[in-house]
Amino acid sequence: MKKYNVTVNGNSYEVEIEEVDENAVTTTVETQVKKAPAPKAAPKAAPKKVATKAGEKVESPMPGKILSINVSEGQSVKAGEVLFILEAMKMENEIKSPKDAKVLQVPVQKGATVDTGDVLAVIE
């Protein structure tokens, strides 16, 4: 018998495999579930009710994860410029500026999970 540790979807299994000769018909496999280590905590989602500065809010059009933030507070942006990359359903979506503006606030962080309507930025 040989023992192996196998991890599947974050669950660790100890597997024993019996070696048999080539003429044998069956093989016995026994498994025992081991407690997997706790997964690392995901970045916290943006708060649902974020106190934002006065200005036009750029909101998330769908639930997803912020992959990148391409702007910072105080930066001037042009209409159509990509402000964020949002991953939703395994697709990368560009969140663009609706107009020429100055970024007043960016209340989200890279890696945060957001819902539809969450404020990603405030522009003037």
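The values are calculated or read from the model by the stated rules, or taken from the named source; none is laboratory data. Model, not experiment: these values are computed from the prediction. When we count neighbours, we look across all protein chains shown, and the Cβ atoms used for this are built from the backbone with ideal geometry, even at glycine. Just so you know, the surface numbers come from the protein's heavy atoms only, side chains and all, with ligands and any DNA or RNA stripped out. Shrake-Rupley method; radii C 1.70, N 1.55, O 1.52, S 1.80 Å.
Numbers for the structure displayed
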item	result
Residue count, region 58-83 (criterion: under 15 Å from L104 (Cβ atoms) and either among the aromatic types (F, W, Y) or not in a loop (DSSP other than H, G, I, E, B) (or both))	6
Identity of the residue in region 89-119, part of a strand (DSSP E or B) and touching a Lys or Arg at 6+ places or on another chain (Cβ under 8 Å), that ends up farthest from A54 (Cα to Cα)	T113
Among the candidates K35, K53, K40, residue that is in contact with a Leu (Cβ under 7 Å, 6 or more places away or on another chain) and at pLDDT below 70	K53
Counted residues, region 83-97 - those being open to solvent by less than 80 Å² (accessible area, probe 1.4 Å) and either modelled with pLDDT of 95 or more or touching a Leu at 6+ places or on another chain (Cβ under 8 Å) (or both)	8
